[in-house]
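The values are calculated or read from the model by the stated rules, or taken from the named source; none is laboratory data. Everything numeric in this text was worked out from a predicted model, so none of it was measured. Using ideal geometry, Cβ is built from the backbone for each residue, glycine included, and neighbour counts are taken over all protein chains shown. Surface areas here come from the heavy atoms of the whole protein model, side chains and all, with no ligands, DNA or RNA. Shrake-Rupley method; radii C 1.70, N 1.55, O 1.52, S 1.80 Å.
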Amino acid sequence: MQFLTILGSTGSIGTSTLDVVSRHPDRYRVVALTANKQVDLLYRQCVEFKPVYAVLLDEAAALQLSAMLAQAGLKTQVLCGLDALEGVCTLPEVDTVMAAIVGAAGLRPTLAAAHAGKKILLANKETLVMAGNVFMDAVRASGSALLPIDSEHNAIFQALPHDYRGDMESSGVSRILLTASGGPFRKTSFEDLQRVTPDEACAHPNWSMGRKISVDSASMMNKGLEVIEAHWLFNVAAENIQVVVHPQSVIHSLVQYIDGSVIAQLGNPDMRTPIAYGLAYPERIASGVASLDLFKVARLDFAEPDFERFPCLALAYDALKAAGTAPAVLNAANEVAVAAFLNREISFLSIARVIESVLELLPVENVTCLEDVLEADASARRTAIQQVMRFSL
Ligand code: NAD
Ligand code: MG
């Protein structure tokens, strides 16, 4: 039996995780579920999964949930706040933490799980983007098992040798090929990109996801964040990570070897596959995902990314090369800019403008501890808010 904490259980990844868990009651038990403030969904999840703890970031929401659970006669204990989110990641009775909070808010609880040596199913890519060296050091020091849930990184993990220890050369790996769907605006002209709306940006052709990551996919910042994520997970330099636009989202990524072999992982675009893989690793379990019908897929297309129409991708490569606090600044500026775009304060193309000017304004500092990251994140947010005003509609 594996005992789980699911951070962000009410989100897209969280609900897919519970879907897989519900198919295997003999294997998994939920100890803690957490959310920001979605009381109704978290309540329904508590009724179904009967966790020991339910955590909400928001205090008023926690009081409401507590009253609802008491009325239903459920024993789930309701906690609130960031300390409680960290607390349910370090409980001795928890084996595995699914890190599926969106954005920088996921960093501290995920890092707490790493310090506590838990098995971590990592969906929250922002943890690695912001604090790659701090997080990977914590994982190594505690001996945490780290399983990537992001579909591309899960594919790469599956395509690398089983004993891969972060040394490309000795494993005969020449490059990582990171696939990208190209998002809803793959064929939209630069001119038309100026006018696209939040709803158009969130209408992803292949994947159904939360709004923040959907906008990131539309701007290709998601792929940029994933390049940085791949760097930290697999110890591969930026120049050895090639983004490949592949509109069908059937090949989830590939590893190229020095002998000419290229190993890929394929499947329907459904996050329950990487989630099931992470939960059961090294075994395989049913995930509820339909098997891939290659005759229906019929063709697979590939193209080079367009850095002109999607400047966010270039900004992310540059931030990875600049190192230090640059990726944390990139991430924070992106979160502020995406929120402003979703609020209709800035245009879609101004997302990249805001991020670029924040990166220009803030010097790159070294990162040696969590505080360095949190400071860079805070100052990037302050600067980004000013830049949003500068570019506001
Ligand atoms: P989502 O918006 O659907 O869900 C986010 C979850 O985090 C919710 O449960 C929400 O309550 C919680 N949350 C939000 N803000 C919080 C805060 N400040 N404190 C505590 N909890 C908070 O997001 P998602 O699409 O499920 O994505 C989650 C993470 O997984 C992101 O980092 C994303 O990049 C990554 N990811 C998602 C997908 C996908 O298909 N959705 C694929 C790959 C990676
Ligand atoms: Mg991905």
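A few notes on this one:
- In this label model, Glu239 and Ala290 are separated by 4.5 nm, measuring between points 7 Å along each Cα→Cβ vector.
- Approximate spin-label separation Ala145-Leu41, in nm, with each point projected 7 Å along Cα-to-Cβ: 2.8
- Under a model in which nothing but the beta-carbon of Lys, Arg (+1) and Asp, Glu (-1) is charged, the chain shows a dipole of about 880 debye around its Cα centre.
- Spatial separation of Cα centroids for region 27-43 and region 159-226, in angstrom: 28
- Of the trypsin sites (Lys or Arg not before Pro) in region 250-358, those whose Cβ has at most 11 other Cβ within 10 Å and which sit in DSSP loop: Arg284, Arg299, Arg344
- Whole-angstrom gap from region 232-310 to region 343-393, using each part's C-alpha centre: 31
- Length-normalised contact order of the chain in % [C-alpha pairs under 8 Å, at least 6 apart]: 14
- Theoretical ellipticity at 222 nm over the chain - DSSP helices of four or more residues, -39500 (n - 2.57) apiece, nearest 500: -14500 deg cm²/dmol
- Counting heavy atoms of the protein chains alone, Tyr28 has an accessible area of about 10 Å² for a 1.4 Å probe.
- Lys pairs under 14 Å by Cα in the chain, provided they are eight or more residues apart or on distinct chains: 4
- Fully extending the segment from Asp58 to Arg381, taken as 0.36 nm per residue of separation minus the present Cα-Cα distance, adds 114.2 nm.
- Dipole axis of region 323-390 (+1 Lys, Arg; -1 Asp, Glu on Cβ), positive-most option in Gln387, Leu361, Val373: Gln387
- Mean Kyte hydropathy of -1.0 or more with a Cα span along the axis of at least 27 Å, helices from DSSP in the chain: 370-390
- Rg/Rh (Cα only; Kirkwood hydrodynamic radius) as it applies to the chain: 0.95
- Diffusion constant of region 323-390 at 10 °C, which comes from Stokes-Einstein with the Kirkwood Cα-pair radius and 1.306 mPa s, µm²/s: 136
- Candidates Met136, Met168, Met68, ranked by Gaussian network fluctuation over the chain, Cα under 10 Å, top entry: Met68
- Estimated FRET transfer efficiency (Ala203, Cys369; beta-carbon r; R0 51 Å; 0.05): 0.80
- GNM flexibility winner over the chain from Pro205, Pro148, Pro247 (Cα, springs under 10 Å): Pro205
- Remark: spin-label model distance Ser392-Ser189 equals 3.1 nm, labels positioned 7 Å along the Cα→Cβ axis.
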